[in-house]
Structures are given as C-alpha cells and as structure tokens.
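The values are calculated or read from the model by the stated rules, or taken from the named source; none is laboratory data. Being a predicted model, the structure only gives us computed values, none of them experimental. No Cβ is skipped: glycine too gets one built from the backbone with ideal geometry, and neighbour counts run over all protein chains shown. Please note that ligands, DNA and RNA were not included when accessible areas were found on the heavy atoms of the full protein model with its side chains. Shrake-Rupley method; radii C 1.70, N 1.55, O 1.52, S 1.80 Å.
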Amino acid sequence: MSKATNTKRITLTDLAARKGADPIVCLTAYTTSISRLIDDHVDLILVGDSLGMVLYGMDSTLGVTVEMMIAHGKGVMRGSEKACVIVDMPFGSYEESPQMAFRNCSRVMAETRCSGVKLEGGVEMAETISFLVARGIPVVAHIGLTPQSVHAFGGFKSQGWSEEVAERIVADAKAVAKAGASCVVVEGVVEPLGVRITNEIDVPTIGIGASPQCDGQILVTEDLIGLFAEFKPKFVKRYAQMDEMITQAVSEYGAEVRTRVFPAPEHCFGYKGNMGHNNPPAAEKKEDK
C-alpha cells in the first residue's frame, strides 16, 4: 500500500539550489519497504543498478536490464512520497546515441514516474545529456569510478592518483555540468580531487568514496545497515549489522519450530488447548513403576 501523497516531492531543481549549502543526503533503495523506511530521512533515493549485485547476486552491474530498473523503480516510488527518486539507466541502454538514450530514458520516466535518470560517463556523454535535458528529462551524471566500466578500469580501483587521470576526471565533471546535468555523482576518486571538482563546477556533487567536502553523500543502504556482507568497500561505514541480527533471528525461529515452542497458543486461531503435540506418543511413554 502506497503512502499518502500530502508532501511535495523534492526535485532535482531543489537540490541544485543547495549547492554549497546544506549537505544533500542520498541512499539507494530497490524495494517499496526500504524506500518507505528511508524516505523521511533522505533528500534523494537512487534506484541503483547496483541491485544486480545486491539483490540478484551478479558479479557486476552489467547484466541489469531496463525492465529490471522499471520494476524496481515502480516499487520504490510506491514507498516514497518526499524524496527525489532517480533511476539508474543500465549498461547498453543509452550509450549508442542520444536518440536511443531518449527512447529508454523517456520510457523509464513514464513508467516509473521518477524524478530523473542517472547516466555514467563524462565528456563522451555530454552530447547525450544535453539532448535529454533539452527534451525534458532531468539527468544526474556519474563520473570517476563508474561501475559499468569496471572492466576497463581493471576492477573497482580508486581513480585520480596521477595528474593525467585527475585532469581527465575534472574535464568529465565540467563537461557534464555544462551539458545540463543537475547533479554529479563523484565516485571512488582521491579526496583532493573530490574537493577540486566540487569547487570547480556549479552543480552539486554527490560523493561516494570521494570527499566530505562534496555537496552531498550517497551509500548503498544494504552496505550502511550491514545487509550486504559479501565485501565492505573502504568508503562504507556500517551503522548497523543486520546480517548478524537476521541470522540470529532465523536461528532462534528454527530452534523454536523444532521444539514446538512456536507457534504458541497466541499465534493460533481457534486454539482448543493442548492437542498432544508436546507429548510423546503413548507407545513411547514409560510405565509407572
């Protein structure tokens, strides 16, 4: 059941106006239940293609499809009424041409009713971003360590250590900002570079493994609450350890089922008293001496 819609939803225009002001709080969500829990506490919810790894057990985001993003985007929108909801465009859905990007992005926005889309890439995506923005599709750009290009990077490695790479990433940031991106996610870059990018572009930066000086921060919610325990990136802080809590709860449930402690009378309909389940069969009872 969706939440009541009495609250004005935050827009990317609202967030763009916060450049250099209050930090922008962002988290991922892939389901109605998680989006409902975090909606009151964040400014932006990203339906990330990281769902391929977090929910589906993929080894990267490359197998995620437009259909998957739409299905999860719809679910997140049902649980949210306040946050700006952005949906990731998956690998192969926008790189070929601006026209292809528009077809897929417009479909995602029309079917999910989200606030905008996110694309990975810098200078090479500037033309596409400009094309989309001119046609009414708000865009969040994503530069630095871009997960869809993880194989080109040789793995999930921090970026910007050399002057050459740092200058390329700065050029990417400036290009996507000039093209009309409302915000720029800056992932996995060395901290001084995160500061430099934030200072040199006029739209908000959303850091993930970048710098506390970015205009906002984003994490994968399952990383933050300890629910995705396969690995822990350096930039993740665990605010809870839900995997341990779930394991303990399931262990206790299993023990109570096996000993017939659960379900108890209060969990049963029309309970008529002891039905004999807690007593051994008559043949196994020991005779009184």
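The largest accessible area among T7, T259 belongs to the first residue in T259, T7, and the rest follow in falling order (1.4 Å probe, all chains).
In this structure, the pairs whose alpha-carbon distance is over 20 Å, taken from K8/K174; K118/K178; K8/K237; K19/K118; K74/K118; K82/K232, are K8/K174; K8/K237; K82/K232. Mind grabbing the base-10 log of I(q)/I(0) for the stretch 120-264 at q = 0.17, 0.18, 0.20 Å⁻¹? Debye formula, identical points on the C-alpha positions, no solvent, two decimal places. These q points yield log10 I(q)/I(0) values of -0.92, -1.01, -1.17.
With Cβ to Cβ distances under 13 Å as the rule, what net charge do the other residues near A249 carry (K, R +1; D, E -1)? Overall, the nearby charge balance is -4.
Centre-to-centre, using Cα atoms only, the stretch 20-90 and the stretch 153-232 are separated by 18 Å. When H72, H267 are compared by accessible surface with a 1.4 Å probe, the order from highest to lowest is H267, H72. To the nearest 10 square angstrom, what accessible area does E200 show with a 1.4 Å probe? Only protein atoms counted, so the area is about 80 Å².
To the nearest 10 degrees, how steep is helix 98-112 against the longest Cα principal axis of the chain, on a 0 to 90 scale? Relative to the chain, helix 98-112 is tipped by roughly 40 degrees. For the chain, the solvent-accessible area works out to 53 Å² per residue, with a probe of 1.4 Å and every protein chain left in place. Compute the helix-to-body angle for 191-200: its Cα long axis versus the longest principal axis of the chain, expressed 0 to 90° and rounded to tens. Relative to the chain, helix 191-200 is tipped by roughly 50 degrees.
Dividing the helix sum by the residues of the chain, where each DSSP H run of 4 or more adds -39500 (n - 2.57), gives a mean residue ellipticity at 222 nm of -10500 deg cm²/dmol. With no solvent and one equal point scatterer per Cα, compute the Debye intensity ratio I(q)/I(0) for the stretch 14-129 at 0.21 Å⁻¹ and report its log10, rounded to two decimals. Rounded to two decimals, the profile gives -1.18. What figure in square angstrom, to the nearest 10, would you give for the accessible area of C214 with a 1.4 Å probe? The accessible area of C214 comes to roughly 10 Å². For the chain, the Cβ-based charge dipole about the Cα centre amounts to some 860 debye (Lys, Arg positive; Asp, Glu negative; other atoms uncharged). Packing-based ranking of 12-18, 234-240 yields 12-18, 234-240, ordered from highest to lowest mean Cβ neighbour count within 10 Å.
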